[in-house]
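The values are calculated or read from the model by the stated rules, or taken from the named source; none is laboratory data. These numbers come from a predicted model, not from an experiment. So basically every Cβ, Gly included, is an ideal-geometry build from the backbone, and we count neighbours across all protein chains shown. Side chains included, ligands, DNA and RNA excluded: accessible areas come from the protein's heavy atoms. Shrake-Rupley method; radii C 1.70, N 1.55, O 1.52, S 1.80 Å.
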Amino acid sequence: MGQGRLVQAWEIFDRWIERAVLRSLEPWEAWILRLAMASVVMVAVAAAWLRPDTAALWLFLQLAMVTFFFGLQLGRGWAVMTWLAYAIIQAGTFERLSFGLFCVFALLIAGVTVRKFRHARQGQIQLSSALEMARQVQLSLQPPALVEWGFAAMATQIETARELGGDLVCWQQGKNRCLFVLVGDVMGKGAQAALTAAYVKGLFDEIAATASGPDDVLGQLHHHLVRRTVVDSFLAAMCIQLDCLHSRWRICRAGLPSAVLVRASGSALCIREGGIMLGIPIDPELVVSEVEHKPGDQLFLASDGLCEEEELPPSLVQLLGRSSAMDLNQVLVGCVQVLHGRGAIGNPDDETAVLLRWP
């Protein structure tokens, strides 16, 4: 208990020192710092006067602390005052010259080091702020946990492995009473992947409004990505079309793991057909899997952060087979738990799971 409190007190002190160096103290805290430093200076000068043989140590210490907390500009002026005080206490020419070198050393280790730390830390804070803003923008592009369209519903769960990720889920009404859902996984991590995901989301919203089918959506996305291919611009994706006019599922897969369609009766159909990911300068073979819609159908798919196999575990299929009347979000959580229960599949990656129910 005592050691824990000591560590906690040290962390508080460390954060206070950092704020002092970054000059972000409250006004009353800044006054306390000035009073404390004035006390340190007076004690150091008094000790140097009373013990001339230790004058170099005491005066060096107070000069380093003043420069550390108040900057190199003030430190340069205070170094002159410090050297004059030492020259009064010590009469030897060699000692005075030597202490002059000590003053320069104090300015270097305290002033220059702190200035570099301040610039680096301020840059880090600005970068963290920018990343958090980008993360909020990315989250705003994702659908809510549950989307209901009246004739169907979708539950979504997205967990990013880092501050920013490249997984996305979006939907758009198409022509002729159909609905398109796109699930994508941009290759790579970080800001570039998040920016590419936002770019894909904007393209999808425009393309899906007039697309003839899921292969048309993925084909147009591929051509756009090929023209701008940079690092992290490759996209594994699946596009699902809920065709209400003909009462059919139309599914096209490019790089993502397979999906499973589970009927209300408990029977399951694995969507195996799929091509390579989009954005690679090779035209993908986009195959559309068409399946008749039946009441109570549920379609589940997950990114490779959750499942890399072509077939989902039987326990997950069984869960979906007996859950057609259960809350959609709860069913999705149960599916994710089943996948998590199988253990880690490799390096940490974004985890996305989508469950579509078409009663």
*Using modelled backbone amide H atoms (1.01 Å from N, in-plane), which distant-in-sequence or interchain residues come within less than 5 Å of Arg248's amide H?*
Asp243, His293
*Once every DSSP H run of n ≥ 4 in the chain is given -39500 (n - 2.57) and the sum is divided by its residues, what mean residue ellipticity at 222 nm do you get, rounded to the nearest 500 deg cm²/dmol?*
-16500 deg cm²/dmol
*Most mobile of Gln126, Gln220, Gln73 in a GNM of the chain (Cα contacts under 10 Å)*: Gln73
*Which order do Ile17, Ile271 take by accessible area at a 1.4 Å probe, largest first?*
Ile17, Ile271
*For Ile158, tell me the accessible area in Å² from a 1.4 Å probe, rounded to the nearest 10.*
50 Å²
*Rounded to the nearest 0.05, what FRET efficiency do Leu97 and Ser24 give with R0 = 35 Å and r taken as the Cβ-Cβ distance? Could you check?*
0.35
_Selected from Leu61, Leu299, Ser315, residue furthest toward positive end of dipole (the chain; charges at beta carbon)_ = Leu61
*Any idea what % of Cα-Cα pairs in the chain are farther than 31 Å?*
53 percent
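In what sequence, largest accessible area first, do Lys175, Lys201 appear using a 1.4 Å probe?
Lys175, Lys201
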*For the chain, modelled as a GNM with alpha-carbon contacts under 10 angstrom, which of Pro27, Pro281, Pro314 fluctuates the most?*
Pro27
*Would you mind telling me which residue in Gly184, Gly213, Gly75 has the biggest mean-square fluctuation in a Gaussian network model of the chain, where springs connect alpha carbons within a distance under 10 angstrom?*
Gly75
*Say each of Met42 and Cys270 gets a label point 7 Å from the Cα, pointing the same way as Cα to Cβ; how far apart are those two points in nm?*
8.1 nm
